[in-house]
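Asker: Pasting a structure below so you can have a look.
The values are calculated or read from the model by the stated rules, or taken from the named source; none is laboratory data. The structure presented is a predicted model; accordingly, all values stated were derived computationally and were not measured. So basically every Cβ, Gly included, is an ideal-geometry build from the backbone, and we count neighbours across all protein chains shown.
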Amino acid sequence: MASPTYDLAVIGGGPAGYVAGVRAAQSGGRCVVIERDALGGTCLNWGCIPSKSLIASAALLRNIRSAADYGIEVKEARGDLNAMVEKAEKIVAGLVSGIAALFKANKVDHIAGDAVIEGKGQLRVKLKEGGEAEVRAERILIATGSRPAQIPAFPLDGKYIISSDQAVHLRELPRRLLIVGAGVIGCEFGCLYRELGAEVTMVELLDRALPLGDADVSKLIEREMKKQKIKLLTGKKILKVERKGSEMVAEVEGAEPLAADLVLVSIGRTMNTDKLGLDKIGVKLGRRGEVLADKGMRTSVPGVFAAGDCIGGLMLAHVASAEGIVAAENAMGADIEMNYRGIPAGIFTHPEVGTAGMSEEEARRDGREVRVGRFQMRALGKAQAERALAGEVKVIADARTDELLGVHVVGEHAADLVHEAALAIRHGMTAADLAEVVHAHPTLSEALMEAAEDVHGTAIHVPPKKAR
C-alpha cells in the first residue's frame, strides 16, 4: 500500500515543529510530525518546563525560610530534590500527553523515529519501534532544534560532567557544583542549586555573567549572586577537568585549581542539522551548521522551510513557535514574515530578569544616541509589601525620537512584567507613551511607568537627576 503524500512533513516535534504541525492542520493541510524522542523537544522535556518546576520549588523553599519576615512562624523547612524532580517529571509527562491530544484533535499524524531526507519531498524514517517508513510530502519543515554544546577537552560523560539535560534529573544534590559558563542556563542552575544547599562556583570565559545581555543587568545579577554566596570567576578559561580520587578537579587558566563533586557544562547550544541529508537537496548551512532561512522561514531550496533553534537565531522556545507558525502558514500558501522587533525573554535567576528589545550597548553600537530611565523596585509599595526589594527597571529610548529601544526588568515576576514593554516596542511606541499609561497601584508594574518617566526626568518617586 502506497504511503500518503502530505502537504507538510515536519522534522522535529519541539516548540517549532509541533506548533507548525497544528497550524498547518488548522490551515487545511494534511501534516505529519516526525520526532525521534518525546514530543515537546528540549524545552518541554529537558529545559524550560522541568527547570522552571524545580526553580518554583526552590523559590517556595526560600519563601518558607523567610516566613518570619511575613510574621509567620515556621519551625523547619528542608528541600527534597528527589521529590522535586518527580513532581517536575509528572508535569512534563502531562504536557507531552497534551501535545499528543492536540495532534489527535487536529488530525496531525505523528511518527516516532529519525528522519533523513532522501530527495525532493522524500523522507526515510528509521522507526523508534523498529523498521523503516517512507514519507512523501509536498513541502518539508526542518525543526530539529539544538543540543548542549560540548568542550572537547572535557566532554560530557553524563555522570561527573553533565549538561543541562541531566541537571534537571539529578536525584541527589552535589555538595560542590562547578558550572562552566555563566550565561542564561548557567546562572539559572547556579541560583537553583545554591538555594537547595549546594556550594556553587561558576566560571565564565567572558568578563561578566549574562555576557550577551545588558551590562547593568549583569551587574545586578552578579551582586545578587554574591549575596547568595555563589562564587563567580569571570574572564577565566577552564583548561581541563580530571577526576582525582572522589572529586573532579578543574585546571583554570590564571587561577587556582577548583575542586567539585559535579561539573555542569553550560556554554551554549549546537544545532541539530547533521545527519539529516540536507546536502542531498542543496539546503545551505551557515558556518555554525545552522540552516540559512529568510524571515519567511524559507531555505535555499523551494518548498523546504526551517524554524527554531536549528536556524541559529534567538534560540528561544517562544520564538521557535512563532517561526513555526510563519513557516506553516507560508507552506500552506501564505506570504508572511517573522517580526523580531521587541521579542521578550525571561531569565529565571533569583531575582528574575525580563528583557525586550536592545541592550544599551546594542543601541549605541547601532549608532543611536540614547536616554536611559531607571527605577528601583524597592521604591514600590507593592515590592515592600511582598519583600521583593531587589532589582530595577531600565528603559532605553532614542534621544532624538524618544522611540523605545529596549526595556530590562530585574526583580520578582520580571519575566511576566516585561511583556508590556515588548508590546510597546513592537508597535513603535515612545517612552512618553509608556509613561502616560496609568498603572494600577499597588503593583510591581508601576516600576515600568516610573522608569519611562525617568527618561525625561519626570518620575515622581525618583530624585531629580541633578540631585543624584
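Asker: Take the residues in segment 1-45 that are of a type in the set (A, V, I, L, M) and without any contact (Cβ under 8 Å) to a residue 40 or more places away in the chain, then tell me which one is surrounded by the most Cβ atoms within 10 Å (Cβ to Cβ).
Answerer: A2
Asker: From the residues in segment 85-102 that are touching a Gly at 6+ places or on another chain (Cβ under 8 Å) and over 18 Å from T144 (Cα atoms), which one is surrounded by the fewest Cβ atoms within 10 Å (Cβ to Cβ)?
Answerer: L95
Asker: While we're on this one: How many residues are modelled with pLDDT under 95 and under 31 Å from the mean Cα position of the chain (by Cα) when one looks only at segment 120-134?
Answerer: Of the residues in that region, 1 qualify.
Asker: Could you check, for segment 391-402, whether at least one of its residues is small (G, A, S), closer than 26 Å to F348 by Cβ and touching an Asp or Glu at 6+ places or on another chain (Cβ under 7 Å)?
Answerer: No, segment 391-402 contains no residue that is small (G, A, S), closer than 26 Å to F348 by Cβ and touching an Asp or Glu at 6+ places or on another chain (Cβ under 7 Å).
Asker: On the given criteria, is E290 farther than 30 Å from R175 by Cβ, among the acidic types (D, E) and crowded, with 16+ Cβ neighbours inside 10 Å?
Answerer: Against the criterion (farther than 30 Å from R175 by Cβ, among the acidic types (D, E) and crowded, with 16+ Cβ neighbours inside 10 Å), E290 qualifies.
Asker: In this structure, is A379 over 20 Å from the mean Cα position of the chain (by Cα), among the aliphatic types (A, V, I, L, M) and buried (at least 20 other Cβ atoms within 10 Å of the Cβ)?
Answerer: No.
Asker: Oh, and also: Of the residues I142, I179, I185, which single one is assigned by TED's automatic domain parsing to the domain that holds V319 and buried (at least 22 other Cβ atoms within 10 Å of the Cβ)?
Answerer: On inspection, the qualifying residue turns out to be I142.
Asker: Of everything in segment 13-36, what is within 17 Å of S146 (Cα to Cα) and among the hydroxyl-bearing types (S, T, Y)? Give them in sequence order.
Answerer: Y18
Asker: Suppose we keep only residues that are charged (D, E, K, R) and either modelled with pLDDT of 95 or more or surrounded by 22 or more Cβ atoms within 10 Å (Cβ to Cβ) (or both) within segment 421-468. Which one would you say is nearest to V372 (Cα to Cα)?
Answerer: D454
Asker: Can I ask one more? I'd like to know if segment 57-71 contains one or more residues that are crowded, with 19+ Cβ neighbours inside 10 Å, under 23 Å from the mean Cα position of the chain (by Cα) and either closer than 23 Å to C310 by Cβ or of a type outside the set (A, V, I, L, M, F, W, C) (or both).
Answerer: Within segment 57-71, one or more residues are crowded, with 19+ Cβ neighbours inside 10 Å, under 23 Å from the mean Cα position of the chain (by Cα) and either closer than 23 Å to C310 by Cβ or of a type outside the set (A, V, I, L, M, F, W, C) (or both).
Asker: Also: Looking only at segment 198-219, which residues are of a type in the set (A, V, I, L, M, F, W, C), closer than 16 Å to I347 by Cα and crowded, with 22+ Cβ neighbours inside 10 Å?
Answerer: A209, L210, V217
Asker: When you scan segment 392-408, do you find a residue that is without any contact (Cβ under 8 Å) to a residue 24 or more places away in the chain and within 23 Å of P463 (Cα to Cα), even just one?
Answerer: The answer is no, given that none of the residues of segment 392-408 is without any contact (Cβ under 8 Å) to a residue 24 or more places away in the chain and within 23 Å of P463 (Cα to Cα).
Asker: Let me spell it out: the conditions are (1) buried (at least 20 other Cβ atoms within 10 Å of the Cβ); (2) more than 30 Å from R136 (Cβ to Cβ); (3) over 23 Å from the mean Cα position of the chain (by Cα), and V108 meets all of them except one. Which number is the exception?
Answerer: Just one mismatch for V108, condition (2).
Asker: Looking at A182, is it over 25 Å from E256 (Cα atoms) and among the aliphatic types (A, V, I, L, M)?
Answerer: Judged against the criteria, A182 is not a match.
Asker: Conditions: (1) out of contact with any Gly (no Cβ under 7 Å at 6 or more places or on another chain); (2) part of a helix (DSSP H, G or I); (3) among the hydroxyl-bearing types (S, T, Y). Y6 meets all but one. Number of the miss?
Answerer: (2)
Asker: May I pose another question? Name the residue that is nearest to G47 (Cα to Cα), counting only residues in segment 93-145 that are free of Cβ contacts under 8 Å to residues at least 24 places away in the same chain and among the small types (G, A, S).
Answerer: Top of the filtered list is A93.
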